[in-house]
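The values are calculated or read from the model by the stated rules, or taken from the named source; none is laboratory data. Just so it is clear, the structure is predicted and the values come from calculations on it, not from any experiment. Every residue, glycine among them, receives a Cβ derived from its backbone with ideal geometry; neighbour counts consider all protein chains shown. The accessibility values were calculated without ligands, DNA or RNA, using every heavy atom of the protein model including side chains. Shrake-Rupley method; radii C 1.70, N 1.55, O 1.52, S 1.80 Å.
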Amino acid sequence: MFDDNEYKQAMAKVIERFENELKKVRTGRAHPDMLANVKAEAYGEFMPLNQVANITASGATLLLVTPFDPANLQNIAKAIRDDQSLGLNPSDDGHVVRVPVPPLTEERRKEIVKTASSKVEEAKVAIRNVREDARKELKTAELPEDVKKKAEKSVNELTKSFIDKIDTIFKAKSAEIMAI
């Protein structure tokens, strides 16, 4: 008998990764994950911001970045300012970096949705790759032909359900981005 649990788990991991990627996409509200891809120079190395500072959202339009070591304050502000994809202009008061999150323009919202849609396609391709792995295993399996057909149909239905889940998640995220 063909066991598709391994492939279900692989597809679930793709969905989980996709959701984590979408958390990083800016929606107009301040969220600590917005700065997840920023790397600041600290101690002679470039490190993810969450390893050199505590990031919190203070209201819907302000992020506070509190460095663990105050000596890194300037480098943190510079790293955030230099990341053009964010379009943020941080300021520091000697203790904490304040990052105001300006409201998004309609044009910028559409641009963000387009960027997020590329992540949708990547996730769908990953799901299809898992399906192909399952198909390859089925072809080499020593199973009766009717069992192979049923298993392939099951894998296709599984793939379709996970792709539908990706579309649903993206639709919700698009609505969140486009909401003013």
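Brief remarks follow.
- For the chain, the residue among VAL96, ASN156, ASN37 whose Cα projects farthest onto the positive side of the dipole built from Cβ charges is ASN156.
- At least 24 Å along the helix axis (C-alpha) and Kyte average at least 1.6, DSSP helices within the chain: none
- Taking a ≥ b ≥ c as the square roots of the eigenvalues of the alpha carbon gyration tensor, the chain is prolate, as a/c is not under 1.5 and a/b beats b/c.
- Radius 15 Å from Cβ of VAL65, net charge of other residues (Lys, Arg +1; Asp, Glu -1): -3
- Accessible-area composition of the chain, carbon plus sulfur, in percent [1.4 Å probe]: 51 percent
- Computed accessible area, ARG29, all protein chains, 1.4 angstrom probe, square angstrom: 150 Å²
- Relative contact order of the stretch 99-180, pairs being alpha-carbon contacts under 8 Å that are 6 or more residues apart, as %: 49 percent
- Ligands, DNA and RNA aside, LYS148 has an accessible area near 40 Å² when probed at 1.4 Å.
- Charge dipole of the stretch 50-155 (Cα centre as origin; +1 on each Lys and Arg Cβ, -1 on each Asp and Glu Cβ, all else neutral): 500 debye, rounded to the nearest 20.
- This model, with +1 at the C-beta of Lys and Arg and -1 at the C-beta of Asp and Glu, gives the chain a dipole about its Cα centre of some 520 debye.
- Rounded to the nearest 10 Å², the accessible area of LYS119 at probe 1.4 Å: 50 Å²
- Relative contact order computed over the chain (Cα-Cα under 8 Å; 6+ residues apart), in percent: 25 percent
- When the Cα positions of ALA53, ALA134, VAL147 are compared along the charge dipole of the stretch 25-180, VAL147 comes out farthest toward the positive end, with charges on each C-beta of Lys, Arg, Asp and Glu.
- Probe 1.4 Å, protein heavy atoms only - accessible area per residue of the stretch 80-180 in square angstrom: 63 Å²
- Rounded if a/c under 1.5, otherwise prolate or oblate - the stretch 1-70, Cα gyration tensor axes: oblate
- Ranked by solvent-accessible area (1.4 Å probe, protein heavy atoms only, all chains present), the residues THR66, THR159 order from largest to smallest as THR66, THR159.
- Cα shape, the stretch 52-91, gyration tensor, a/c 1.5 rule: oblate
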